[in-house]
Amino acid sequence: MSIPEKLSGLTGKWKGSNRLHTPWQTENPLHESEGTATVTERIDGQFLEIAYTWVYDDRIREGVLILSGDNKTRAVNAFWTDSWHMAHQTMLCDGKENGNGSISIKGNYKVEGHPDWDWRTEIVPGDDSFRYLMYNVTPEGEEEIAVEMDMSRT
């Protein structure tokens, strides 16, 4: 197992914008803030850690995604947590690397009184940039954007 080649090029420090979508809040369903990210290879290049921050309700929030992959099969696995969506929990995710070097992974979380929901994450590397996208996925498979981060190298 190792990290997908295109993603290993993301190591370093980043800054950019974060857009948190909260459609259940009718007055202010979009929360925009500055964001930062530090991408680090771990354990001899076997894992990639993406640690990031953003601001919500005047508080700095943090998240971390640690991923690994199989360059032969393009399988990717990860665990994710953050201080707002997953507070005090981790989510195991799996998925694949796409032909363009991006990844798409999915995990699930409990919703009391309902079937589990999925959480899908995409990381799309660019030239000195990357997008980090997160989606809520209903039990019926309908996706809705939850977070958009657009990062540029500092």
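Every number in this text was worked out from the coordinates using simple rules, so none of it is lab data. As the structure is a prediction and not an experimental result, all values here were calculated from the model. Cβ placement follows ideal geometry from the backbone for every residue including glycine, while neighbour counts extend to all protein chains displayed.
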Built amide H within the under 5 Å cut-off of Thr22, gap 5+: Leu30, His31
Charge dipole of the stretch 5-153 about the Cα centre (unit charges at C-beta), most positive-ward option of His31, Tyr135, Met91: Met91
Globularity ratio of the stretch 45-94, using Cα Rg and 2.2 N^0.38 Å: 1.33
Loop-located trypsin sites (Lys or Arg not before Pro) in the stretch 21-93, at most 11 other Cβ atoms within 10 Å (DSSP): Lys72
Residue-span extension gain [Arg153 to Glu27] - 0.36 nm each, minus C-alpha spacing: 42.0 nm
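Only loop residues by DSSP count here, and only those with at most 13 other Cβ atoms within 10 Å; note down the GluC sites (Glu not before Pro) in the stretch 82-154 that meet that.
Glu112, Glu140, Glu142
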Alpha-carbon centroid distance for the pair the stretch 119-137 / the stretch 68-87, whole angstrom: 12
